[in-house]
Amino acid sequence: MASLGFTQIRTNNSVAEFARARPRTTWARPTRVGFKVFASQTQAEPDLSVTVNGLHMPNPFVIGSGPPGTNYTVMKRAFEEGWGAVIAKTVSLDASKVINVTPRYARLRAGVNGSAKAKGQIIGWENIELISDRSFDTMLNEFKKLKEEFPDRILIASIMEEYNKAAWEELIDRVEQTGVDALEINFSCPHGMPERKMGAAVGQDCALLEEVCGWVNAKATVPVWAKMTPNITDITQPARVALRSGCEGIAAINTIMSVMGINLDTLRPEPCVEGYSTPGGYSSKAVHPIALAKVMSIAKMMKSEFGDKDFSLSGIGGVETGGDAAEFILLGANTVQVCTGVMMHGYGLVNQLCAELKDFMKAHNFSSIEDFRGVSLQYFTTHMDLVRRQQEAIQQRKAIRKGLQSDKDWTGDGFVKETESMVSN
(Lines give C-alpha, C1' and ligand atoms only; values in the text may rest on other atoms or scores of the structure.)
Protein backbone atom coordinates (compact mmCIF):
# COMPACT_ATOMS: atom_id res chain seq x y z
CA MET A 1 0.00 0.00 0.00
CA ALA A 2 1.95 2.95 -1.38
CA SER A 3 0.38 5.56 0.90
CA LEU A 4 2.67 4.57 3.76
CA GLY A 5 5.68 5.37 1.63
CA PHE A 6 8.30 2.77 2.45
CA THR A 7 10.14 0.08 0.55
CA GLN A 8 11.99 -3.09 1.28
CA ILE A 9 15.71 -2.52 1.52
CA ARG A 10 17.07 -5.22 -0.72
CA THR A 11 19.89 -5.60 -3.22
CA ASN A 12 17.47 -5.55 -6.13
CA ASN A 13 13.78 -4.80 -6.70
CA SER A 14 12.45 -8.33 -6.80
CA VAL A 15 11.73 -10.07 -3.52
CA ALA A 16 11.98 -13.47 -5.13
CA GLU A 17 15.19 -12.68 -6.98
CA PHE A 18 16.74 -11.16 -3.87
CA ALA A 19 15.79 -14.15 -1.76
CA ARG A 20 17.29 -16.66 -4.15
CA ALA A 21 20.45 -14.60 -4.62
CA ARG A 22 21.21 -13.97 -0.96
CA PRO A 23 24.12 -16.13 0.30
CA ARG A 24 23.20 -17.45 3.72
CA THR A 25 26.63 -16.74 5.20
CA THR A 26 27.81 -13.57 3.45
CA TRP A 27 24.66 -11.48 2.90
CA ALA A 28 25.57 -7.85 3.62
CA ARG A 29 23.12 -6.15 5.95
CA PRO A 30 23.08 -2.69 7.52
CA THR A 31 25.36 -2.47 10.55
CA ARG A 32 23.46 -2.44 13.84
CA VAL A 33 23.87 0.75 15.83
CA GLY A 34 22.43 -0.64 19.05
CA PHE A 35 23.08 0.00 22.70
CA LYS A 36 24.13 3.67 22.48
CA VAL A 37 22.21 6.94 22.75
CA PHE A 38 22.49 9.56 20.02
CA ALA A 39 19.77 11.98 21.10
CA SER A 40 18.61 14.56 18.61
CA GLN A 41 19.26 18.19 19.44
CA THR A 42 16.00 19.36 17.84
CA GLN A 43 12.43 18.47 18.71
CA ALA A 44 11.48 17.04 15.30
CA GLU A 45 8.77 14.44 14.83
CA PRO A 46 10.30 11.09 15.85
CA ASP A 47 10.89 8.52 13.11
CA LEU A 48 9.41 5.14 14.05
CA SER A 49 10.69 3.30 10.96
CA VAL A 50 13.06 0.38 11.42
CA THR A 51 15.17 -1.77 9.13
CA VAL A 52 15.53 -5.31 10.43
CA ASN A 53 17.54 -7.95 8.57
CA GLY A 54 17.17 -5.85 5.43
CA LEU A 55 13.39 -5.50 5.84
CA HIS A 56 12.11 -1.93 6.14
CA MET A 57 9.01 -1.29 8.27
CA PRO A 58 7.18 2.01 8.93
CA ASN A 59 7.14 1.25 12.65
CA PRO A 60 8.40 -1.52 14.96
CA PHE A 61 4.94 -2.92 15.71
CA VAL A 62 4.38 -6.42 14.33
CA ILE A 63 1.26 -8.57 14.41
CA GLY A 64 2.32 -11.66 16.36
CA SER A 65 1.54 -15.11 15.02
CA GLY A 66 -1.92 -16.22 16.12
CA PRO A 67 -5.58 -15.38 15.46
CA PRO A 68 -4.83 -11.78 14.31
CA GLY A 69 -2.98 -13.29 11.32
CA THR A 70 -5.18 -16.26 10.62
CA ASN A 71 -6.50 -15.41 7.14
CA TYR A 72 -6.34 -12.96 4.23
CA THR A 73 -9.14 -10.74 5.54
CA VAL A 74 -7.59 -10.04 8.94
CA MET A 75 -4.04 -9.68 7.63
CA LYS A 76 -5.24 -7.20 5.01
CA ARG A 77 -6.95 -5.26 7.79
CA ALA A 78 -3.67 -5.17 9.73
CA PHE A 79 -1.81 -3.72 6.75
CA GLU A 80 -4.54 -1.15 6.17
CA GLU A 81 -4.42 -0.04 9.81
CA GLY A 82 -0.68 0.54 9.52
CA TRP A 83 1.06 -2.29 11.36
CA GLY A 84 4.78 -2.43 10.61
CA ALA A 85 4.63 -6.09 9.63
CA VAL A 86 2.37 -9.11 9.91
CA ILE A 87 3.34 -12.60 11.02
CA ALA A 88 0.73 -15.09 9.87
CA LYS A 89 -0.63 -17.83 12.07
CA THR A 90 1.66 -20.86 12.06
CA VAL A 91 1.21 -23.26 9.14
CA SER A 92 2.36 -26.81 8.49
CA LEU A 93 2.03 -29.14 5.52
CA ASP A 94 -0.90 -31.21 6.79
CA ALA A 95 -3.64 -29.11 8.39
CA SER A 96 -5.96 -32.12 8.63
CA LYS A 97 -4.07 -33.18 11.78
CA VAL A 98 -4.95 -29.88 13.44
CA ILE A 99 -8.31 -30.00 15.23
CA ASN A 100 -9.22 -27.08 17.49
CA VAL A 101 -11.88 -27.03 20.22
CA THR A 102 -14.25 -24.35 21.51
CA PRO A 103 -14.10 -22.61 23.94
CA ARG A 104 -10.32 -22.38 23.78
CA TYR A 105 -9.63 -19.16 25.68
CA ALA A 106 -9.88 -18.19 29.35
CA ARG A 107 -9.20 -14.83 31.02
CA LEU A 108 -7.68 -13.85 34.34
CA ARG A 109 -9.16 -10.71 35.89
CA ALA A 110 -7.71 -8.54 38.61
CA GLY A 111 -9.30 -9.35 41.95
CA VAL A 112 -11.22 -12.55 42.52
CA ASN A 113 -10.33 -15.44 40.24
CA GLY A 114 -12.17 -18.71 39.93
CA SER A 115 -15.61 -17.21 39.45
CA ALA A 116 -17.57 -16.27 36.36
CA LYS A 117 -18.75 -13.22 38.32
CA ALA A 118 -15.29 -11.61 38.41
CA LYS A 119 -15.45 -8.26 36.58
CA GLY A 120 -12.00 -6.77 37.17
CA GLN A 121 -9.50 -5.70 34.51
CA ILE A 122 -8.23 -8.49 32.27
CA ILE A 123 -4.59 -9.08 33.16
CA GLY A 124 -4.06 -12.64 31.89
CA TRP A 125 -5.17 -14.69 28.92
CA GLU A 126 -4.84 -18.42 28.32
CA ASN A 127 -5.32 -20.26 25.05
CA ILE A 128 -5.36 -23.93 24.14
CA GLU A 129 -5.49 -23.10 20.44
CA LEU A 130 -3.38 -25.02 17.96
CA ILE A 131 -1.68 -23.79 14.79
CA SER A 132 -3.70 -23.01 11.65
CA ASP A 133 -6.40 -25.55 10.86
CA ARG A 134 -6.88 -24.13 7.36
CA SER A 135 -5.50 -26.05 4.39
CA PHE A 136 -1.88 -25.34 3.53
CA ASP A 137 -2.74 -24.53 -0.09
CA THR A 138 -5.36 -22.02 1.03
CA MET A 139 -2.87 -20.24 3.27
CA LEU A 140 -0.27 -20.19 0.48
CA ASN A 141 -2.77 -18.64 -1.93
CA GLU A 142 -3.62 -15.96 0.62
CA PHE A 143 0.06 -15.19 1.25
CA LYS A 144 0.54 -14.72 -2.49
CA LYS A 145 -2.55 -12.55 -2.77
CA LEU A 146 -1.42 -10.34 0.10
CA LYS A 147 2.03 -9.83 -1.42
CA GLU A 148 0.45 -8.95 -4.77
CA GLU A 149 -1.79 -6.35 -3.14
CA PHE A 150 0.79 -5.06 -0.64
CA PRO A 151 4.15 -5.60 -2.36
CA ASP A 152 5.95 -3.10 -0.13
CA ARG A 153 4.62 -4.44 3.16
CA ILE A 154 6.42 -7.03 5.26
CA LEU A 155 4.67 -10.42 5.46
CA ILE A 156 6.34 -13.09 7.58
CA ALA A 157 5.27 -16.73 7.51
CA SER A 158 5.31 -18.64 10.78
CA ILE A 159 6.05 -22.31 10.12
CA MET A 160 6.26 -25.49 12.14
CA GLU A 161 6.68 -29.09 11.10
CA GLU A 162 7.33 -32.56 12.43
CA TYR A 163 10.83 -33.92 12.97
CA ASN A 164 11.37 -34.69 9.31
CA LYS A 165 14.01 -32.99 7.17
CA ALA A 166 12.18 -33.54 3.87
CA ALA A 167 8.96 -32.10 5.31
CA TRP A 168 10.76 -28.99 6.56
CA GLU A 169 12.42 -28.51 3.17
CA GLU A 170 9.12 -28.83 1.30
CA LEU A 171 7.40 -26.47 3.74
CA ILE A 172 10.07 -23.79 3.33
CA ASP A 173 10.23 -24.11 -0.45
CA ARG A 174 6.48 -23.82 -0.97
CA VAL A 175 6.07 -20.94 1.50
CA GLU A 176 8.92 -18.95 -0.04
CA GLN A 177 7.38 -19.29 -3.51
CA THR A 178 4.50 -17.05 -2.34
CA GLY A 179 6.90 -14.12 -1.94
CA VAL A 180 6.88 -13.82 1.86
CA ASP A 181 9.66 -11.62 3.19
CA ALA A 182 10.89 -13.76 6.06
CA LEU A 183 10.20 -16.88 8.10
CA GLU A 184 9.54 -17.21 11.82
CA ILE A 185 10.14 -20.74 13.03
CA ASN A 186 7.76 -21.80 15.78
CA PHE A 187 10.01 -23.63 18.23
CA SER A 188 7.87 -22.57 21.14
CA CYS A 189 4.16 -23.45 21.13
CA PRO A 190 3.73 -24.92 24.64
CA HIS A 191 0.72 -27.11 23.98
CA GLY A 192 -0.50 -29.49 21.30
CA MET A 193 1.43 -32.06 19.28
CA PRO A 194 4.59 -32.45 21.41
CA GLU A 195 4.49 -36.15 20.57
CA ARG A 196 5.22 -35.16 16.97
CA LYS A 197 8.33 -33.20 18.07
CA MET A 198 6.76 -29.88 17.15
CA GLY A 199 6.84 -26.46 18.81
CA ALA A 200 8.33 -26.26 22.30
CA ALA A 201 9.36 -29.92 22.08
CA VAL A 202 12.12 -28.68 19.75
CA GLY A 203 12.82 -25.37 21.49
CA GLN A 204 13.43 -27.13 24.83
CA ASP A 205 15.95 -29.58 23.37
CA CYS A 206 19.07 -27.76 22.18
CA ALA A 207 20.46 -30.76 20.30
CA LEU A 208 17.21 -31.21 18.41
CA LEU A 209 16.96 -27.45 17.87
CA GLU A 210 20.44 -27.30 16.38
CA GLU A 211 19.63 -30.07 13.93
CA VAL A 212 16.32 -28.58 12.79
CA CYS A 213 17.83 -25.08 12.53
CA GLY A 214 20.49 -26.60 10.33
CA TRP A 215 17.84 -28.02 7.99
CA VAL A 216 15.92 -24.76 7.94
CA ASN A 217 18.86 -22.46 7.27
CA ALA A 218 20.35 -24.71 4.62
CA LYS A 219 17.10 -24.39 2.68
CA ALA A 220 15.79 -20.90 3.47
CA THR A 221 16.74 -17.96 1.24
CA VAL A 222 14.97 -15.24 3.23
CA PRO A 223 15.72 -14.08 6.80
CA VAL A 224 14.84 -16.58 9.52
CA TRP A 225 13.70 -15.75 13.06
CA ALA A 226 13.60 -18.46 15.71
CA LYS A 227 10.74 -18.02 18.18
CA MET A 228 11.78 -19.06 21.69
CA THR A 229 9.82 -20.76 24.43
CA PRO A 230 9.96 -19.27 27.96
CA ASN A 231 9.23 -22.73 29.38
CA ILE A 232 12.90 -23.47 29.92
CA THR A 233 15.45 -22.73 32.66
CA ASP A 234 17.86 -20.60 30.61
CA ILE A 235 16.39 -19.09 27.46
CA THR A 236 19.80 -17.90 26.26
CA GLN A 237 20.87 -21.46 25.55
CA PRO A 238 18.39 -22.20 22.70
CA ALA A 239 18.72 -18.60 21.45
CA ARG A 240 22.49 -19.04 21.19
CA VAL A 241 22.05 -22.34 19.34
CA ALA A 242 19.61 -20.81 16.86
CA LEU A 243 21.93 -17.91 16.04
CA ARG A 244 24.97 -20.15 15.70
CA SER A 245 22.95 -22.40 13.40
CA GLY A 246 22.27 -19.61 10.93
CA CYS A 247 19.11 -17.83 12.08
CA GLU A 248 19.16 -14.06 11.56
CA GLY A 249 16.90 -13.22 14.46
CA ILE A 250 15.30 -14.29 17.73
CA ALA A 251 11.68 -13.71 18.76
CA ALA A 252 10.77 -14.03 22.44
CA ILE A 253 8.70 -14.96 24.22
CA ASN A 254 5.93 -17.32 23.23
CA THR A 255 3.24 -18.10 25.79
CA ILE A 256 3.93 -19.57 29.23
CA MET A 257 2.52 -22.98 30.11
CA SER A 258 -0.36 -22.45 32.54
CA VAL A 259 -3.60 -23.54 34.11
CA MET A 260 -5.81 -20.46 34.15
CA GLY A 261 -7.86 -21.48 37.17
CA ILE A 262 -10.65 -23.58 38.58
CA ASN A 263 -14.23 -22.37 38.48
CA LEU A 264 -15.20 -22.44 42.16
CA ASP A 265 -18.88 -22.85 41.31
CA THR A 266 -18.53 -25.88 39.01
CA LEU A 267 -15.14 -27.14 40.28
CA ARG A 268 -14.05 -27.49 36.63
CA PRO A 269 -10.89 -26.02 35.07
CA GLU A 270 -10.92 -23.18 32.55
CA PRO A 271 -11.21 -23.06 29.60
CA CYS A 272 -13.78 -25.79 30.02
CA VAL A 273 -14.54 -28.11 27.09
CA GLU A 274 -17.26 -30.65 27.89
CA GLY A 275 -16.26 -30.43 31.53
CA TYR A 276 -12.53 -30.93 30.94
CA SER A 277 -9.47 -28.84 30.05
CA THR A 278 -5.75 -29.06 29.35
CA PRO A 279 -2.83 -26.74 30.22
CA GLY A 280 -2.34 -23.97 27.70
CA GLY A 281 -0.35 -20.86 26.84
CA TYR A 282 -0.51 -17.77 29.09
CA SER A 283 -0.23 -14.23 27.70
CA SER A 284 -1.37 -10.61 28.25
CA LYS A 285 -0.27 -8.05 30.87
CA ALA A 286 0.65 -10.53 33.56
CA VAL A 287 3.48 -12.04 31.49
CA HIS A 288 5.08 -8.69 30.60
CA PRO A 289 7.66 -8.63 33.44
CA ILE A 290 8.65 -12.24 32.67
CA ALA A 291 9.01 -11.42 28.99
CA LEU A 292 11.17 -8.38 29.77
CA ALA A 293 13.52 -10.54 31.84
CA LYS A 294 13.83 -13.14 29.07
CA VAL A 295 14.44 -10.51 26.39
CA MET A 296 17.01 -8.78 28.61
CA SER A 297 18.90 -12.04 29.04
CA ILE A 298 18.88 -12.77 25.32
CA ALA A 299 19.94 -9.22 24.43
CA LYS A 300 22.87 -9.28 26.85
CA MET A 301 23.98 -12.63 25.43
CA MET A 302 23.67 -11.34 21.85
CA LYS A 303 25.63 -8.19 22.67
CA SER A 304 28.46 -10.03 24.42
CA GLU A 305 28.76 -13.00 22.07
CA PHE A 306 27.52 -11.71 18.70
CA GLY A 307 28.10 -7.97 19.00
CA ASP A 308 29.57 -7.60 15.52
CA LYS A 309 26.76 -9.48 13.79
CA ASP A 310 23.56 -8.01 12.34
CA PHE A 311 21.21 -10.22 14.32
CA SER A 312 17.77 -9.00 15.36
CA LEU A 313 15.54 -9.42 18.40
CA SER A 314 11.75 -9.22 18.43
CA GLY A 315 10.15 -8.69 21.86
CA ILE A 316 6.82 -10.31 22.71
CA GLY A 317 4.71 -10.33 25.84
CA GLY A 318 1.88 -8.23 27.26
CA VAL A 319 2.20 -5.19 24.99
CA GLU A 320 -0.85 -2.94 25.15
CA THR A 321 0.73 0.53 25.34
CA GLY A 322 3.55 2.45 23.72
CA GLY A 323 5.32 2.36 27.08
CA ASP A 324 5.21 -1.43 27.10
CA ALA A 325 6.89 -1.39 23.70
CA ALA A 326 9.49 1.18 24.77
CA GLU A 327 10.59 -1.14 27.57
CA PHE A 328 11.33 -3.95 25.10
CA ILE A 329 13.25 -1.58 22.83
CA LEU A 330 15.24 -0.19 25.75
CA LEU A 331 16.27 -3.78 26.43
CA GLY A 332 17.52 -4.27 22.87
CA ALA A 333 14.50 -5.34 20.82
CA ASN A 334 14.37 -4.18 17.19
CA THR A 335 10.66 -4.89 16.85
CA VAL A 336 7.75 -5.56 19.20
CA GLN A 337 5.04 -8.13 18.51
CA VAL A 338 1.42 -7.90 19.61
CA CYS A 339 -1.12 -10.73 19.48
CA THR A 340 -3.36 -10.91 22.57
CA GLY A 341 -3.51 -7.10 22.66
CA VAL A 342 -5.08 -7.08 19.19
CA MET A 343 -7.57 -9.75 20.25
CA MET A 344 -8.62 -7.54 23.16
CA HIS A 345 -8.44 -4.05 21.60
CA GLY A 346 -8.64 -4.50 17.82
CA TYR A 347 -6.33 -3.70 14.90
CA GLY A 348 -6.62 0.05 15.50
CA LEU A 349 -4.43 -0.42 18.59
CA VAL A 350 -1.41 0.28 16.38
CA ASN A 351 -2.36 3.96 16.16
CA GLN A 352 -2.32 4.29 19.95
CA LEU A 353 0.97 2.39 20.17
CA CYS A 354 2.64 4.65 17.61
CA ALA A 355 1.34 7.83 19.26
CA GLU A 356 2.43 6.78 22.76
CA LEU A 357 5.85 5.62 21.58
CA LYS A 358 6.36 8.96 19.83
CA ASP A 359 5.40 10.78 23.03
CA PHE A 360 8.01 8.79 24.94
CA MET A 361 10.63 9.59 22.31
CA LYS A 362 9.81 13.30 22.36
CA ALA A 363 10.08 13.38 26.14
CA HIS A 364 13.65 12.07 25.90
CA ASN A 365 14.55 13.87 22.67
CA PHE A 366 15.03 10.61 20.75
CA SER A 367 14.66 10.97 17.00
CA SER A 368 14.78 7.29 15.99
CA ILE A 369 14.33 3.82 17.46
CA GLU A 370 18.08 3.23 17.28
CA ASP A 371 18.64 6.28 19.51
CA PHE A 372 17.45 4.34 22.55
CA ARG A 373 17.51 0.68 21.59
CA GLY A 374 19.36 -1.30 24.24
CA VAL A 375 20.15 1.74 26.40
CA SER A 376 18.81 0.18 29.61
CA LEU A 377 20.88 -3.01 29.32
CA GLN A 378 23.87 -1.30 30.92
CA TYR A 379 21.95 -0.92 34.17
CA PHE A 380 21.59 -4.66 34.79
CA THR A 381 24.28 -6.39 36.80
CA THR A 382 24.73 -9.14 39.38
CA HIS A 383 23.49 -9.05 42.96
CA MET A 384 27.10 -9.15 44.17
CA ASP A 385 27.85 -6.07 42.12
CA LEU A 386 24.79 -4.31 43.56
CA VAL A 387 26.14 -4.98 47.06
CA ARG A 388 29.56 -3.60 46.07
CA ARG A 389 28.03 -0.48 44.52
CA GLN A 390 25.88 0.19 47.57
CA GLN A 391 28.80 -0.26 49.94
CA GLU A 392 30.88 2.19 47.93
CA ALA A 393 28.02 4.69 47.92
CA ILE A 394 27.65 4.40 51.69
CA GLN A 395 31.35 5.00 52.18
CA GLN A 396 31.19 8.07 49.96
CA ARG A 397 28.26 9.46 51.95
CA LYS A 398 30.12 8.81 55.18
CA ALA A 399 33.16 10.60 53.80
CA ILE A 400 31.02 13.60 53.00
CA ARG A 401 29.61 13.62 56.55
CA LYS A 402 33.12 13.86 58.01
CA GLY A 403 32.92 17.53 57.22
CA LEU A 404 35.46 20.07 56.14
CA GLN A 405 38.92 18.95 55.20
CA SER A 406 40.65 22.27 55.97
CA ASP A 407 40.03 25.52 57.85
CA LYS A 408 40.01 27.34 54.56
CA ASP A 409 36.78 25.51 53.62
CA TRP A 410 34.64 27.30 56.22
CA THR A 411 32.11 29.77 54.80
CA GLY A 412 30.04 32.39 56.53
CA ASP A 413 26.70 31.46 54.97
CA GLY A 414 26.92 27.73 55.64
CA PHE A 415 28.63 27.91 59.04
CA VAL A 416 25.91 26.09 61.05
CA LYS A 417 25.50 23.27 58.53
CA GLU A 418 29.25 22.92 58.24
CA THR A 419 29.50 22.60 62.01
CA GLU A 420 26.75 19.94 62.04
CA SER A 421 28.57 17.96 59.36
CA MET A 422 31.38 17.27 61.81
CA VAL A 423 29.24 16.29 64.80
CA SER A 424 29.39 12.56 65.58
CA ASN A 425 26.10 12.13 67.46
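The values are calculated or read from the model by the stated rules, or taken from the named source; none is laboratory data. What you see is a predicted model; the values in this text were computed from it and never measured. Virtual Cβ from ideal backbone geometry, glycine too; neighbours counted across all protein chains shown. Accessible surface is based on the protein model in full, side chains and every heavy atom, while ligands, DNA and RNA are left aside. Shrake-Rupley method; radii C 1.70, N 1.55, O 1.52, S 1.80 Å.
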Of all residues in segment 368-385, count the ones that are surrounded by 11 or more Cβ atoms within 10 Å (Cβ to Cβ) and assigned to a helix (DSSP H, G or I).
7
Does at least one position in segment 133-149 carry a residue that is among the hydrophobic types (A, V, I, L, M, F, W, C) and closer than 27 Å to Val287 by Cβ?
no
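Matching residues to (1) at pLDDT 95 or above; (2) under 13 Å from the mean Cα position of the chain (by Cα); (3) hydroxyl-bearing (Ser, Thr, Tyr):
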{"position": "Ala218", "(1), (2), (3)": "yes, no, no"}
{"position": "Arg240", "(1), (2), (3)": "yes, no, no"}
{"position": "Tyr276", "(1), (2), (3)": "yes, no, yes"}
{"position": "Ala293", "(1), (2), (3)": "yes, yes, no"}
{"position": "Gly307", "(1), (2), (3)": "no, no, no"}
{"position": "Asp310", "(1), (2), (3)": "no, no, no"}
If the Cβ limit is 6 Å and pairs must be 6+ apart or interchain, which residue in segment 350-369 that is under 14 Å from Thr335 (Cβ atoms) pairs with which residue that is assigned to a strand (DSSP E or B) and open to solvent by less than 70 Å² (accessible area, probe 1.4 Å)?
Val350/Phe61; Leu353/Phe61; Ile369/Val50
Condition broken by Val319, with the remaining ones in (1) in a helix (DSSP H, G or I); (2) within 19 Å of the chain's Cα centre (by Cα) satisfied:
(1)
Given the criterion over 20 Å from Pro238 (Cα atoms) and either open to solvent by 40 Å² or more (accessible area, probe 1.4 Å) or touching a Ser or Thr at 6+ places or on another chain (Cβ under 9 Å) (or both), identify the matching residue among Ser284, Ser312.
Ser284
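Being crowded, with 19+ Cβ neighbours inside 10 Å, on the phi < 0 side of the Ramachandran plot and touching a residue at least 40 places away in the same chain (Cβ under 8 Å) narrows it down to one of Val50, Val101, so name that one.
Val50
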Hey, can you tell me all the residues within segment 75-98 that are open to solvent by 30 Å² or more (accessible area, probe 1.4 Å) and not hydroxyl-bearing (Ser, Thr, Tyr)?
Lys76, Arg77, Glu80, Glu81, Leu93, Asp94, Lys97
Go through segment 201-217 and give me each residue that's closer than 15 Å to Asn186 by Cβ, open to solvent by 30 Å² or more (accessible area, probe 1.4 Å), touching a residue at least 12 places away in the same chain (Cβ under 8 Å) and not aromatic (Phe, Trp, Tyr).
Gln204
With respect to Ala326, is the statement that it is under 25 Å from Thr90 (Cβ atoms) and among the small types (Gly, Ala, Ser) true?
no
If you take the residues in segment 135-158 that are in a loop (DSSP other than H, G, I, E, B) and either among the aliphatic types (A, V, I, L, M) or touching a helix residue (DSSP H, G or I) at 6+ places or on another chain (Cβ under 6 Å) (or both), which one is surrounded by the most Cβ atoms within 10 Å (Cβ to Cβ)?
Arg153
